[in-house]
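Notes follow once the structure below has been shown.
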Amino acid sequence: MTTATDLLAKIKSRRARLAVIGLGYVGLPLAAEFGKHYDVVGFDINPQRLQELRAGNDRTLEVSTADLRLATRLTYSDKIEDLRGTDVFIVTVPTPIDRHRRPDLTPLVKASETVGRALQPGGVVVYESTVYPGCTEEDCVPILEKFSSLKFNVDFFCGYSPERINPGDKVHTVTKIKKITAGSTPEIGRAVNALYASIITAGTHLAPSIRVAEAAKVIENSQRDINIAFVNELALIFARMGLDTHDVLTAASTKWNFLPFRPGLVGGHCIGVDPYYLTHKAESLGYHPEIILAGRRLNDNMGAHVANRVVKLLIQKGRRVHGANVLVLGVTFKENCPDIRNSHVVDVVRELQDFGCRVVVHDPWADAEEVRHEYGFELLPALAKPAFYEGFDAVILAVAHEAFRDLTFPPADQRKLVVFDIKSFLARDRVDGRL
């Protein structure tokens, strides 16, 4: 059986065999980087995804074809037998919430079952998926024990190293972001840390326990969520005062320690989801977390606020509301990125449709089939230029894609068209309202 000492020796000599479970926004960049130095099996249950990757194409645009080719020791598979003989499994599956905003561990459970079937004595299972403190040892370990017939911390071990991928960011890539690591024993912790340190140029931080590492990850995004909720609440207040929120924030930011958060829609796979993992665990322990949940409620309602602002502007300009033609620019959860997960632009669309508006959406980054499957509406394939706004009663800039930077409108006082800029991306004299 491989010991921690043996594993460290394998890591130092680049003989450790790895498997990355889940090849999405988190797993693929990690597998590609490890695949430059170690034998890695990239495992995914989606045959189409594997076929695309074998052809050198990453639809998430996180890893270029050139970088995939540099990962000469990376292979792809959806067969459990190809996972046998692995020294370190790294689980990078998503951890979403259900429609009741409760943690949905289904992908994590299924991945743990798969790993358990392939796990052999001496194996180490490292989780990167964002979870509540205690999840790895309380929820995942029993599954690994059941499907492997091995005993935790005797026959196999676990680690945790929370993902810090920022989709669409070509500066802060996987090797350039400091990595938290942890192990189920001190010796395994050092081995897991050495494994990540072998590729992470930004350095690593070895946490004292898996639970500490889990907690550190989940509060990173909860902190951002609360800060964004604060400025979103300011935007609600200042709108009633007739103040431009960004003017106020710009003035306040002249103080050296003012935090530069901006109002907006909070979507994506992390900030709008992770706080619910922490609150779920807190409530299971009999504590009701008021600040975190208040921030979540406020941020989740910003889409409706934007729609109501647009409706009021339509009325003020003497335009119809029921039957109004509205163009929404952007549906991804952030700019210059194809990721549509948990996009709250959809909340704006749905609220306007409830008012009786006819809404069309255009996004040059989003995949039309994925949007249709996930949200049930079609994307406008292209904008008619130069006067792309003709025929619309309102245009909403929802995502600040660089592709939208050259879009121009007549001055606000020279048109009846309503232009609302969620991201404060356009020139102020060209819009009627912004957050």
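The values are calculated or read from the model by the stated rules, or taken from the named source; none is laboratory data. What you see is a predicted model, and the numbers here were worked out from it, not measured in a lab. Note that each Cβ is placed from the backbone with ideal geometry, even for glycine, and that neighbours are counted across all protein chains shown. Each accessible area value is taken on the protein alone, full model and side chains, heavy atoms only, with ligands, DNA and RNA left out. Shrake-Rupley method; radii C 1.70, N 1.55, O 1.52, S 1.80 Å.
Tabulated data for the structure shown
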read-out: Accessible-area value, M1, 1.4 Å probe, nucleic acids and ligands omitted, Å²; value: 130 Å²
read-out: R15 paired with K416, simple spin-label distance in nm, labels 7 Å along Cα-to-beta-carbon; value: 7.9 nm
read-out: Förster radius 22 Å - calculated FRET efficiency between E378 and D354 (Cβ-Cβ, nearest 0.05); value: 0.70
read-out: Portion, in percent, of the accessible area of segment 20-144 that falls on carbon or sulfur, probe 1.4 Å; value: 49 percent
read-out: Selected from R320, R224, R164 as most flexible by GNM, with the chain as the system and alpha-carbon contacts under 10 Å; value: R320
read-out: Cα-based shape type of segment 193-287, given that a ≥ b ≥ c are square roots of the gyration tensor eigenvalues and the cut on a/c is 1.5; value: oblate
read-out: Cross-link pairs K10/K146; K334/K423; K317/K385; K12/K36 - those with Cα-Cα distance over 21 Å; value: K10/K146; K317/K385
read-out: Derived scalar couplings ³J(HN,Hα) [segment 196-208; Karplus, 6.51 cos²θ - 1.76 cosθ + 1.60; whole Hz; x for Gly, Pro]; value: 5, 4, 6, 10, 8, 6, 6, x, 10, 10, 7, 7, x
read-out: Computed log₁₀ I(q)/I(0) - Debye formula, equal Cα scatterers, no solvent, segment 378-435, q 0.18, 0.26, 0.29 Å⁻¹; value: -0.60, -1.28, -1.51
read-out: Under 14 Å from the D367 label point (7 Å along Cα→beta-carbon), backbone N, segment 50-93; value: 50-63
read-out: Normalised contact order of segment 356-409, rounded percent, pairs of Cα under 8 Å and 6 or more residues apart; value: 29 percent
read-out: In range of the label at A427: residues from segment 384-420 whose backbone nitrogen is under 15 Å from the point 7 Å along Cα→Cβ; value: 405-415
read-out: Projected label distance in nm at T3 and A251, using a 7 Å step from Cα toward the beta-carbon; value: 6.8 nm
read-out: Restraint check, K110/K176; K79/K178; K110/K281; K79/K110; K170/K217, Cα-Cα greater than 26 Å; value: K110/K176; K79/K178
read-out: Estimated distance in nm for a label pair at R101 and T72, the labels positioned 7 Å out from Cα along Cα-to-Cβ; value: 5.1 nm
